[in-house]
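Derivation of every value follows stated rules applied to the coordinates shown; laboratory data play no part. For clarity, every value in this text was computed on a predicted model and none was experimentally measured. Methodologically, a virtual Cβ is constructed for each residue, glycine included, from the backbone with ideal geometry; neighbour enumeration extends over all protein chains shown.
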Amino acid sequence: MTLEIIRDALGWCTLINFAVLLAWGLGFLLAHDWIFRIHSKLFKLSVGQFDAIHYAGMALFKLFLLTFNLVPYLALRIVG
């Protein structure tokens, strides 16, 4: 496996994961009440707890995306 293949794979992973993050954020903004109703039937959550969990999840997902996809991709672009 060459560095070019790894770099291309990381590039695609970065794009796909950013699309997932964007879909999550848009879904959360556009369907907040519907998603909350579904989750509130399963778990006893207040709206504040629900929002905090989603914002923390999105922040953690973004942090991992940047750390494990984008930064290695950029490093391989610089090297090769």
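What to note about this one:
- Here the residues Tyr55, Tyr73, ranked from fewest to most Cβ neighbours within 10 Å of their Cβ, fall in the order Tyr55, Tyr73.
- Residues Thr67, Thr14, sorted so that the one with the fewest Cβ neighbours within 10 Å comes first: Thr67, Thr14
- Alpha-carbon centroid distance for the pair the range 56-80 / the range 16-33, whole angstrom: 19
- Options [x] 109; [y] 92; [z] 80 - which one matches volume of the Cα convex hull per residue in Å³ as calculated here: [y]
- Based on DSSP H segments of at least four residues, each scored -39500 (n - 2.57), the chain has a per-residue ellipticity at 222 nm of -28000 deg cm²/dmol.
- Among Val47, Val79, sorting on how many other beta-carbon atoms sit within 10 Å of each Cβ, with the fewest leading, yields Val79, Val47.
- Using a Förster distance of 30 Å, the FRET efficiency for Asp8-Ile38 (Cβ separation, nearest 0.05): 0.20
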